[in-house]
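Only one structure is covered here, and it is reproduced in the block below.
The values are calculated or read from the model by the stated rules, or taken from the named source; none is laboratory data. Remember, it's a predicted structure, so these values are computed and weren't measured experimentally. Because the Cβ atoms are built from the backbone with ideal geometry, glycine has one as well, and the counts that use them run over all protein chains shown. Ligands, DNA and RNA are excluded from the accessible area calculation, which covers all protein heavy atoms including side chains. Shrake-Rupley method; radii C 1.70, N 1.55, O 1.52, S 1.80 Å.
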Amino acid sequence: MTPNSILFLCVANSARSQMAEGLARQMFPCVRIQSAGSRPSQVNPYAIEALAEQGIDATRHVSKSVQDIDPASVDLVITLCAEEVCPLFLGRAEKLHWPIPDPASDDPDLTPDQLRTRFRAGRDEIRHRLERLRAERF
């Protein structure tokens, strides 16, 4: 079944779900794409940079709360948490889980280049999974 609306969820709505939102909007222009988190913060600048490398402008993206999403407006929910507990989404939407490690880190020993590498890896994994979703559903 082809979804008319996809919601990407993680905890902070700052990295993985933001990258998924940007990539999915590029790949599925006729589908309503949203992202949110259980504890929204702010969009990570490395996520914005990783998307820009793919020609996607995420400079206007903002972190959003899952509480602000109308469950009736979502056909498919994709959670992206790996190590942390993913937010719950109540509603009748189909649910998929893509455990992708969080590229953001508080480790002070990581260099900007190492963080870029982590974000690119997460972005590329999300793109790969979206390509599979497109092949299966669209």
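At a glance:
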| read-out | value |
| --- | --- |
| All positions within the range 67-95 that are among the charged types (D, E, K, R), within 15 Å of the chain's Cα centre (by Cα) and under 16 Å from Pro3 (Cα atoms) | Lys95 |
| Test: residue in the range 26-40 that is closer than 17 Å to His128 by Cβ and in contact (Cβ under 8 Å) with a residue 40 or more places away in the chain | yes |
| Yes/no for His61 being at pLDDT 95 or above, of a type outside the set (A, V, I, L, M) and part of a loop (DSSP other than H, G, I, E, B) | yes |
| In the range 52-95, the residues that are surrounded by 13 or more Cβ atoms within 10 Å (Cβ to Cβ), touching a helix residue (DSSP H, G or I) at 6+ places or on another chain (Cβ under 8 Å) and within 14 Å of Glu21 (Cα to Cα) | Gln54, Ile56, Ala58, His61, Ser63, Ile78, Leu80 |
| Conditions (1) of a type in the set (Gly, Ala, Ser); (2) part of a loop (DSSP other than H, G, I, E, B); (3) out of contact with any Ser or Thr (no Cβ under 9 Å at 6 or more places or on another chain): number failed by Ala121 | (2) |
| Qualifying residues in the range 41-51 (those that are open to solvent by 40 Å² or more (accessible area, probe 1.4 Å) and touching a Ser or Thr at 6+ places or on another chain (Cβ under 7 Å)) - the one nearest to Glu131 (Cα to Cα) | Ile48 |
| Trp98, sole failed condition from (1) within 12 Å of the chain's Cα centre (by Cα); (2) open to solvent by 60 Å² or more (accessible area, probe 1.4 Å) | (2) |
